[in-house]
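This report refers to the structure that appears directly beneath it.
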Amino acid sequence: MNETFTLAHLSDLHLSSLNDVKVGELLNKRIFGYLKWQLRRRAEHRREVLDALLHNLKSTTPDHIAVTGDLTHLGLPREFREARNVLQSLGSPSRVTVIPGNHDTYVSTDWNSTFALWTDYMLSDEAHLGAKAGTDGHTTFPSLRIRGIAALIGVSTARPSAPLLAVGSVGRVQLQKLEKILVETGKQRLFRVVLIHHPPVDGTVSWRKRLTDASAFRSVLDQHGVELILHGHAHRSSLKHLETTVGTVPAIGVPSASALGRTSSRRARYHLYRFKANPRGWEMVVTIMCYSPAQQAFTEEIEKHVVLPRPRA
């Protein structure tokens with residue numbers, strides 16, 4: 001098997017102008033997010049940065065694009081419509097996979113005016129072939145999309161939380177389904193990529209931003225293994241390793257796709273993963289593309305070659 005697959009990973013677009021927001025839309029937790037946007041984040045998350053990323057993706061031509069949540073800032077219906085336009089710019093639903101983040105579920109909202117607009121970018125392959133679409137994250141996720149040698153497994157951690165908290169959870173139902181997916185895709189010897197918004201390894205983010213059932217999530221991976229975990233949420237590049245009974249799994253986070261960057265570490269980036277099978281397991285080349293304010297474009301920052309052994313039986 002000499003097939004090579006290239007996956008682009010971006011996250012945390014925080015796409016919003018928040019123009020013409022009505023007072024009635026802010027009489028809940030959203031008021032805190034709106035104030036934060038006005039005071040700081042509207043200068044940090046820039047549409048011109050995201051546009052530069054979209055332009056650069058046309059030259060790197062990945063086989064597939066994964067977007068791991070926080071496409072919106074306050075989870076308003078108008079933001080979902082705006083994000084839908086960006087997703088269409090990225091590519092067709094068959095080439096782009098989306099999972100939600102905590103900002104996309106800032107408060108409980110009507111599915112039909114929000115996530116229904118992204119449904120075709122979130123559903124599993126079998127749902128595209130005629131299965132009934134889910135009407136909430138509990139029935140839509142985990143999603144499974146098989147593309148060549150890759151099994152793209154989307155897990156939702158998006159839940160409304162109390163003011164000043166940005167926690168997430170997977171939940172028992174998703175964990176049970178995830179276990180079955182990992183077993184089946186493992187038997188097919190696919191390169192399994194778990195897409196999740198909240199980082200699953202402790203210490204990546206603060207307590208108020210944590211994945212509350214991270215231990216239960218890690219327990220499932222500990223039993224059945226996975227080749228790669230990709231997440232967002234932290235707004236910076238991160239590399240952690242999850243030690244399991246079947247091998248070591250890299251968990252890699254990517255910064256915001258639209259961040260101008262108060263510091264260089266928080267500047268917008270996206271990652272490219274090129275992987276193929278070899279006799280020992282998998283070869284993977286990771287390329288980090290970083291926004292250059294001077295050039296107003298994304299340029300290659302670093303490239304790393306990694307060998308990932310197959311999970312132990």
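The values are calculated or read from the model by the stated rules, or taken from the named source; none is laboratory data. As the structure is a prediction and not an experimental result, all values here were calculated from the model. Glycine also receives a Cβ, built like all others from the backbone with ideal geometry; neighbour counts cover every protein chain displayed.
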- Name the pairs: first residue in region 51-68 and touching a residue at least 24 places away in the same chain (Cβ under 8 Å), second residue assigned to a helix (DSSP H, G or I), Cβ to Cβ under 6 Å, at least 6 apart or on different chains? LEU54/SER89; ILE65/LEU90
- Task: Identify, from the list ARG95, ARG47, ARG78, the residue that is within 22 Å of PRO160 (Cα to Cα) and basic (Lys, Arg).
- Result: ARG78
- LEU76 being among the aliphatic types (A, V, I, L, M), more than 24 Å from VAL286 (Cα to Cα) and at pLDDT below 90: no
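Go through region 180-196 and give me each residue that's touching a Leu at 6+ places or on another chain (Cβ under 9 Å) and in contact (Cβ under 8 Å) with a residue 40 or more places away in the chain.
LEU182, THR185, PHE191, ARG192, VAL193, VAL194, LEU195, ILE196
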- Query: Taking the condition of a type in the set (S, T, N, Q) and under 29 Å from LEU26 (Cα atoms), does THR68 pass?
  - Reply: yes
- Any idea which of (1) at pLDDT 95 or above; (2) crowded, with 19+ Cβ neighbours inside 10 Å is the one SER215 doesn't satisfy? (2)
- If you go through region 261-288, how many residues are closer than 19 Å to ASP51 by Cα and at pLDDT 95 or above? 7
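Please verify whether region 188-206 includes one or more residues that are small (Gly, Ala, Ser), surrounded by fewer than 18 Cβ atoms within 10 Å (Cβ to Cβ) and at pLDDT 95 or above. Even if it seems obvious, please write down each step before you answer.
Kept after step one, since they are small (Gly, Ala, Ser), are these residues of region 188-206: 203, 206.
Now narrow it down to the ones that are surrounded by fewer than 18 Cβ atoms within 10 Å (Cβ to Cβ): 203, 206.
Now restrict to residues that are at pLDDT 95 or above: 206.
Within region 188-206 (the criterion being small (Gly, Ala, Ser), surrounded by fewer than 18 Cβ atoms within 10 Å (Cβ to Cβ) and at pLDDT 95 or above), the answer is yes, since at least one residue qualifies.
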- Task: May I ask you to list pairs of residues, at least six apart or on different chains, whose Cβ atoms are under 6 Å apart, with the first in region 133-149 being closer than 22 Å to GLU184 by Cα and of a type in the set (Ser, Thr, Tyr) and the second being assigned to a loop (DSSP other than H, G, I, E, B) and at pLDDT 90 or above?
- Result: SER143/SER124
- Item | Matching residues, region 272-286, being charged (D, E, K, R) and assigned to a strand (DSSP E or B) | ARG274, LYS276, GLU283
- Note on the structure: Flagged pairs (Cβ under 9 angstrom, 6 or more apart or on separate chains; first in region 296-308, without any contact (Cβ under 8 Å) to a residue 40 or more places away in the chain and of a type in the set (Ser, Thr, Tyr); second assigned to a strand (DSSP E or B) and surrounded by 12 or more Cβ atoms within 10 Å (Cβ to Cβ)) are THR299/MET289; THR299/CYS290; THR299/TYR291; THR299/SER292
- Determine which single condition VAL246 fails, assuming it passes every other condition in (1) modelled with pLDDT of 95 or more; (2) within 19 Å of ILE181 (Cβ to Cβ). (1)
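Please specify each residue of region 124-146 satisfying the condition of being surrounded by 18 or more Cβ atoms within 10 Å (Cβ to Cβ) and at pLDDT 95 or above. Don't jump to the end; show me each part of the working.
Kept after step one, since they are surrounded by 18 or more Cβ atoms within 10 Å (Cβ to Cβ), are these residues of region 124-146: 124, 127, 134, 137, 140-145.
Of everything in region 124-146, those that are surrounded by 18 or more Cβ atoms within 10 Å (Cβ to Cβ) and at pLDDT 95 or above turn out to be SER124, PHE141, PRO142, SER143, LEU144, ARG145.
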- If a residue has to be exposed (fewer than 14 other Cβ atoms within 10 Å of the Cβ) and closer than 29 Å to LEU54 by Cβ to count, how many in region 298-313 make the cut? 7
- Output the qualifying pairs, or none if there are none: Cβ atoms under 9 angstrom, residues six or more apart or on different chains, first residue in region 158-178 and over 13 Å from ARG218 (Cα atoms), second residue aromatic (Phe, Trp, Tyr) and surrounded by fewer than 15 Cβ atoms within 10 Å (Cβ to Cβ). PRO163/PHE32; LEU164/PHE32; VAL167/TRP207
